[in-house]
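The structure appears right after this line, and notes come after that.
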Amino acid sequence: MFLAHGLWRVYMQPPYAYMSLKGAFNKEGVLAFQDDLRAYAGKFPAHSITYGVVDLSEFEMSTADSIEDTRQYFTGVTQRGLKHVDYVGANVLARHVLTQLWQGTATSITFYANMAELVSQQPQHEGNIKRLVEISFKHPD
């Protein structure tokens, strides 16, 4: 087993979950991130997180062996009520992979070039995005 790689920060204010990913993630990092999200979301009533905002502007990549785990996670959060995810700063490859991974679920996705574009179209996120940025990145232990 390898050491987990990847950094993240999470802030949840139902109905929204805000995440920021940084660096390269291997399978172990993806699984640690998913476990952290489950634990954080578990603090709120079932089906109370229905929208996500994911900042990928500092995300580099994830390994191919983590794709199936991510697909299963996406299916699970759709079943738990996630309706829509806004991705910010995703590169072309990430957009392609994310589009494929969400295919076949009831969750819709939208891509934004940067946070300024997201906030200009959805100003309700501004305060919570500021709170997210104030949180230190977490590294899997």
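No value in this document is a laboratory result; all are computed from the given coordinates. The structure presented is a predicted model; accordingly, all values stated were derived computationally and were not measured. Every residue, glycine among them, receives a Cβ derived from its backbone with ideal geometry; neighbour counts consider all protein chains shown.
Tabulated values for the structure
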{"read-out": "Leading residue at positive end of dipole, the range 7-134 (Cβ point charges), from 48, 102, 32", "value": "48"}
{"read-out": "Reciprocal of mean inverse Cα separation for the chain (Kirkwood radius, Å)", "value": "15.2 Å"}
{"read-out": "Cβ-placed point charges (K, R +1; D, E -1), dipole of the range 11-116 about Cα centre in debye, nearest 20", "value": "340 debye"}
